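First up is the structure itself, then whatever we jot down about it.
The values are calculated or read from the model by the stated rules, or taken from the named source; none is laboratory data. Since this is a predicted model, take the numbers as computed values, not measurements. Here the Cβ is made from the backbone with ideal geometry for all residues, glycine too, and neighbour counts use every protein chain on show.
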């Protein structure tokens, strides 16, 4: 059996997934009179960074890249970045692993370079990148000779002991190279090691699975290569997501497509649609198209609204997303989430539980799109309110404008940031969007629990 894994899936699920996790976000919170400013009127952001135990810290002011060199003796799993900030400068809300207002903890071994934004009081933002170079000789361990293949990904069971910083370790270096070598015929598959994931284009995974004569070679920067013999490959469970930008579908006209893989024609696939507002879930068998795609018609008679979508292979969950069913392609909820605004390109699949006073984000569909340089073209009045209902209690939350730069598409779009009142009653609420034209969406698939 030949398995065809499309190259664009590798781009859209690995490199593009990084774009999803780290879009450029602008939160508009003007306060032009605060802070410290340069002679040209631009705000001052960062005085410097210090890292306890580091050997050297270099900074490129043009690219705003830091390169932190750790000594050979450094053995900690993390580094703490101590930021010296100018007045009224803050680390952007939602940045992962923030320990305090001025400290970011970074688990650096094999990770992608850390990127974070600082935000001034007038809403201006600057992006900084942190690379880590460990001056010790690399030492890695292969935890198992059996490697799982999942779509285009090869999740290498590698443990980094020392000598590996970020991948790449400096802006000038390429990502570490990995090679899969067939010892029988000398054929070669090449890829890169990035953010602790092996990325290899696989045109025929069946050849890998049927062979136990492969060697794995990894080379970090200009260091020596590590070679592991007698590598065996095993098919892993597919990792599945919706194809393209499907969000609002017509149950009468549209078809659902999912990609991932690799899929097997003899296995059974299905998709389940569930909601806190549906008496029971609806399931539909999915048809195998090829090793990377499955499809299904939508259940007949399913009610309009927002649904959690769960994909199964032989009754084992292999992926989740969300969809909105309606004959009208507007005035719907795409996703609601708490945490980083950077998750605007990812649909939340977890139940919503908030505390009084918490902030969260909501993305309407369709968003308002503008060119990547047209930040001033957005208006908070174009965003919907979030309406929360619990019995006779109704609370309308007004949005704060947040702008997402989707760099890979070359566009900006806006989402709303919402804050729960500190005096809101505890309980379970349904959440809908009230659009500027007063049209109300159906409830979001997850009720909101407020404690």
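The rows are residues; the columns are (1) in the same structural domain as residue 251 (by TED's automatic domain parsing); (2) part of a strand (DSSP E or B); (3) touching a strand residue (DSSP E or B) at 6+ places or on another chain (Cβ under 7 Å).
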{"position": "285", "(1), (2), (3)": "yes, yes, yes"}
{"position": "289", "(1), (2), (3)": "yes, yes, yes"}
{"position": "295", "(1), (2), (3)": "yes, yes, yes"}
{"position": "307", "(1), (2), (3)": "yes, yes, yes"}
{"position": "318", "(1), (2), (3)": "yes, yes, yes"}
{"position": "339", "(1), (2), (3)": "no, no, no"}
{"position": "344", "(1), (2), (3)": "no, no, yes"}
{"position": "347", "(1), (2), (3)": "no, no, yes"}
{"position": "356", "(1), (2), (3)": "no, no, yes"}
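Within the range 323-339, can one find any residue that is in contact with a helix residue (DSSP H, G or I) (Cβ under 6 Å, 6 or more places away or on another chain) and buried (at least 18 other Cβ atoms within 10 Å of the Cβ)? The answer is yes; a qualifying residue exists. The strands (runs of 3 or more DSSP E) falling completely within the range 375-448 that include 2 or more residues that are over 19 Å from residue 276 (Cβ atoms) and in contact with a helix residue (DSSP H, G or I) (Cβ under 6 Å, 6 or more places away or on another chain) map to 400-406. For residue 144, the criteria (1) touching a strand residue (DSSP E or B) at 6+ places or on another chain (Cβ under 6 Å); (2) in a loop (DSSP other than H, G, I, E, B) hold in every case but one, which is (1). With respect to the conditions (1) surrounded by 17 or more Cβ atoms within 10 Å (Cβ to Cβ); (2) over 20 Å from residue 170 (Cα atoms); (3) touching a helix residue (DSSP H, G or I) at 6+ places or on another chain (Cβ under 9 Å); (4) in contact (Cβ under 8 Å) with a residue 24 or more places away in the chain, residue 226 lacks only one, and its number is (3). Of all residues assigned to the range 395-410, none qualifies as being surrounded by fewer than 20 Cβ atoms within 10 Å (Cβ to Cβ), closer than 30 Å to residue 300 by Cα, in contact with a strand residue (DSSP E or B) (Cβ under 6 Å, 6 or more places away or on another chain) and not assigned by TED's automatic domain parsing to the domain that holds residue 298.
Among the residues of the range 158-177, those identified as surrounded by 16 or more Cβ atoms within 10 Å (Cβ to Cβ) and either at positive phi or not in a loop (DSSP other than H, G, I, E, B) (or both) are 158, 160, 162, 163.
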